[in-house]
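Visitor: I'd like to ask you about the structure that follows.
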Amino acid sequence: MSTTTDATAKTIVLQGRCVVPGRAEGEALVTRDRISGWGGIDSRTGTIVETRHELRGISFAGKVLVFPGAKGSSGWSNAFHLTRVLGVAPAALLFNEMTTKIALGAVVTRAPALTDFDRDPLACIETGDWVRVDADAGVVEIIKRQRSQA
């Protein structure tokens, strides 16, 4: 990991393994809850709808989605494929646990995706941080959002 600090921003770099190639950047949306495809998201809006999920009511459309992994049935791939078709897919997917359902879901979403990081992305990235994903190179650059001093 390398960290650069200046007067305005802190940047953290993670290395990971490419699941789906490509490059994307956007605001991070982070959850420590696993995501269920079928019944857990609204594929028309990219919104988490699972009753007890910490992101219930929040859309991941155009965001860099950072999460531990998938849960539920094989409906994950269909649900996330529809988000791509309907234009509400995440910009990129960063996750810790590789399973067949998430692998297929990432492929059909066609968003750059990485796993197997040198550091836990859930410990490094917070919702609102700006994240640049270069899945081809296996690199994630996190520009920490400026937090107000309380």
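The values are calculated or read from the model by the stated rules, or taken from the named source; none is laboratory data. Remember, it's a predicted structure, so these values are computed and weren't measured experimentally. Side chains included, ligands, DNA and RNA excluded: accessible areas come from the protein's heavy atoms. Shrake-Rupley method; radii C 1.70, N 1.55, O 1.52, S 1.80 Å.
Visitor: Where does helix 100-109 land angle-wise versus the long Cα axis of the chain, in degrees 0 to 90, nearest 10?
Guide: Between helix and principal axis, roughly 80 degrees.
Visitor: Taking θ as phi - 60°, what are the ³J(HN,Hα) couplings along the stretch 36-42 by the Karplus curve (6.51, -1.76, 1.60), each to the nearest whole Hz, with x for Gly and Pro?
Guide: Coupling constants for the stretch 36-42: 9, x, 6, x, x, 10, 9 Hz.
Visitor: Calculate for the chain the 222 nm mean residue ellipticity that helices alone would give, adding -39,500 (n - 2.57) per DSSP H run of length 4 or more and normalising by residue count, nearest 500 deg cm²/dmol.
Guide: -4500 deg cm²/dmol
Visitor: Give me the percent of the accessible area of the chain that comes from carbon and sulfur atoms, probe 1.4 Å, all protein chains in place.
Guide: 50 percent
Visitor: Turning to a different aspect of this structure: Give me the percent relative contact order of the chain, please, defined on Cα pairs under 8 angstrom at least 6 residues apart.
Guide: Worked out over the chain, it gives 35 percent.
Visitor: Then there's this: Expressed as a fraction of 2.2 N^0.38 Å, the rule-of-thumb size for a compact globular protein of N residues, what is the C-alpha radius of gyration of the chain?
Guide: Rounded to two decimals, the normalised Rg is 0.99.
Visitor: Could you report the stretch 53-150's accessible area per residue, 1.4 Å probe, as an integer in Å²?
Guide: 44 Å²
Visitor: Pull out a ≥ b ≥ c, the square roots of the eigenvalues of the alpha-carbon gyration tensor of the stretch 67-109, then state rounded if a/c is under 1.5, prolate if not and a/b is larger than b/c, and oblate in the remaining case.
Guide: Here the stretch 67-109 falls in the oblate category.
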